[in-house]
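Trainee: Have a look at the structure that comes next, please.
The values are calculated or read from the model by the stated rules, or taken from the named source; none is laboratory data. Fair warning: this is a prediction, and the values are worked out from it, not measured in the lab. Heads up: the accessible areas ignore ligands, DNA and RNA and are worked out on the full protein's heavy atoms, side chains in. Shrake-Rupley method; radii C 1.70, N 1.55, O 1.52, S 1.80 Å.
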Amino acid sequence: MSTTHKQGGGGLSEFRVFETDEFCRRLQRFPKLDAAFVQRKLADYVYPQLKTAPFTGKNIKKLRGYDPDTWRYRIGRFRVFFQVDLDEKVIYILMIDQRMDAYR
């Protein structure tokens, strides 16, 4: 199920975060402990950062050779891939994978 996360206190310049169906399906397949870890990190760190500064941060890296432009966010051994729509101010969370499988 796709969801848009909105948290109070944000200004007009904040991005909205949209989780794609593919991302949600992959996260549901994770073992419970891994899924809980990732969901906690997403809520506490990743989404707040992406809402205000989606292109900068020590865990964010732009991937080369992708059209449209795609970034990854590192969460421990997991990688979250996302795209940014500047016109609509939306971050699309595309998928998540373990690092060892993410770049194949």
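Trainee: Going Cα to Cα from LYS89, which lysines come in below 30 Å? Please leave out same-chain ones fewer than 8 positions away.
Mentor: LYS6, LYS41, LYS51, LYS58, LYS61, LYS62
Trainee: In segment 14-104, carbon and sulfur make up what percent of the accessible area (probe 1.4 Å)?
Mentor: Numbers: 2710 of 5600 Å².
Using a 1.4 Å probe with all protein chains present, segment 14-104 comes out at 48 percent carbon and sulfur.
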